[in-house]
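Remarks on the structure that follows.
Taken together, the values in this text are just the output of simple stated rules run on the coordinates, not laboratory data. Just so we're clear, the structure is a prediction, and the values are computed from it rather than from any experiment. Cβ: placed from backbone, ideal geometry, glycine included. Neighbour counts: every protein chain shown.
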Amino acid sequence: MNAESLLKMLEVINGQTVIFLNSDGLVSAFSLSAQRLTLYKPDEIVGKHFSTFYQQEDLSNRIPEVFMQQAVTEGTAQNEGWLQRKDAEVFWSYTCMAAEYDERKRVTGFALLIRDETEKYLSKQVVDEYIRKLALKKKELDQFVYIASHDLQEPLINVRNFVELFRMEYLESFDQDAHLYMQNIDAATEKMRNLIKGLLDHSRLSIDQTKVVIDCNSLMNDLLPRLSGVIKSKGARIHYANLPVLNGFESGIKQLFGHLIGNALKFSRAAVKPKIEIGAFKEGDFWRFEFSDNGIGIEDRFKEKIFVMFQRLHGAEIYPGDGVGLTHCRKIVELHGGRIWVESVIAEGSKFCFTLSAN
C-alpha cells in the first residue's frame, strides 16, 4: 500500500491528520485533513521540511531537530506546543512522530500525527487562571480578615481597660443611670470581642490541615461529655448509632458536630425536652448526615439566611449567640467537598443535612 492510499485509509478510519516524511524530515505525502489544518496544498508543502510548521523561536531552540532525533532513537516521540499555519496563525497541537525502519534498522521515513487541541488548551488555561485568581483572592481575604481582626482588638482592649479604670475610680459616684450605661458598654464591648473572635475562627478554618481517619462514633463519645451540663439541665436525649469512619479534618468535624448539637439544644421549645437523632448513610461518593431535633423550627424564608455570617433570627436576650456557628458549619462542609442545608417545620423541629466526601 502506497503512502497516498494509507493516508486516505487513516482519514476514513479516524479522521487523523497524518503527514508522511522521508528520512530527512521532508514531507512526502500530505493528507486532506492536513491541508485543512495547515492551509497548505500538497504542491506547496511536499518536499519541504516539517519544521515549516514551527515558529522561529522553536527553530532557534532546535525543537524540530530534537523531536525527530528522539523518534529516531526511541522509535516514537510526542510533544505539545504551538505550531503555525500557512497564514502564520498559530494553534496548540499535540504531535506524535513515529520512525519507520528497514530490515537493517535504518530509518526510511517518519509518520507525523498532528492534532489541533487549541480549544482544549485554551479552556484549561481559562480554568487554571480562574483557579489561580480565586486562590489569590482567598489568600488576600484570609489575610485581610486576620489582620483586620487583630487591629480591631487593640482599640477594643483599650476601651475595656479604660472602662474598668473608670469603674474603679468613680464607682461610688455612680447613680442608677450610670450603672446602666456601664452595663451597656460592657455588653457592647463583649459582643464586639465575640464578633472579632468569630471572624478569626472563620478565617482559620481555611488554614491547610491534614486529613486523618475519623471514627464519628468515637468523636461523639468524646464530644457529649463536654455538653453534659446543658444536656442534663434540659433533660435532652441524644441518640446516634453506626456512624461512619471517614477521612477528614478532625478539628473541623468536631466543630461541625458540636455546633449542630449545640444549636439543637439552644433552640428547643419551652416545656419540651430536646430530642436529637443523628444518623448517616452512604449516598454515591458521599456520606449524608442528618441531625434531627424537635425544636422551634425555621421558616422557609430564613433557611438560607441562617448560614450567612452574623445573621440572627432571634434577639440575643432570647437566644444568646453571635450568628457565626452555622457559617462555620457551611465552610467546614465545603472544605470536605460537600454541602449543607436544612429541612424544617415551625413548632415541630428541624433536620440539618450535610454531605461529606467518602474518599
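Listed values, structure above:
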item	result
Calculated FRET efficiency for the pair Arg132/Asp285, C-beta based, R₀ 22 Å, to 0.05	0.25
R0 of 25 Å, Cβ-Cβ distance Val46-Thr108: FRET efficiency to nearest 0.05	0.90
Value of Rg/Rh across region 3-116 [Cα atoms, Kirkwood radius]	0.94
Where a label projected 7 Å from the Cα of Ser28 along Cα→Cβ would reach, residues of region 88-108 with amide N under 14 Å	98-103, 106-108
Calculated from backbone phi, Karplus (6.51, -1.76, 1.60) coupling profile of region 50-66 in Hz, x at Gly/Pro	5, 5, 4, 7, 9, 7, 4, 4, 5, 5, 5, 8, 6, 4, x, 5, 4
Over region 15-79 - Rg/Rh using Cα atoms and the Kirkwood inverse-distance radius	0.96
Partners for Lys137 among lysines (Cα-Cα distance below 19 Å; same-chain residues under 8 apart left out)	Lys331
Distance from region 231-246 to region 59-99 (C-alpha centre basis), Å	64
Cα→Cβ-extended label distance, 7 Å offset, between Gln55 and Glu348, nm	6.4
Anchor Lys232: lysines whose Cα lies under 27 Å away (excluding residues fewer than 8 positions away in-chain)	Lys254, Lys266, Lys273, Lys275, Lys351
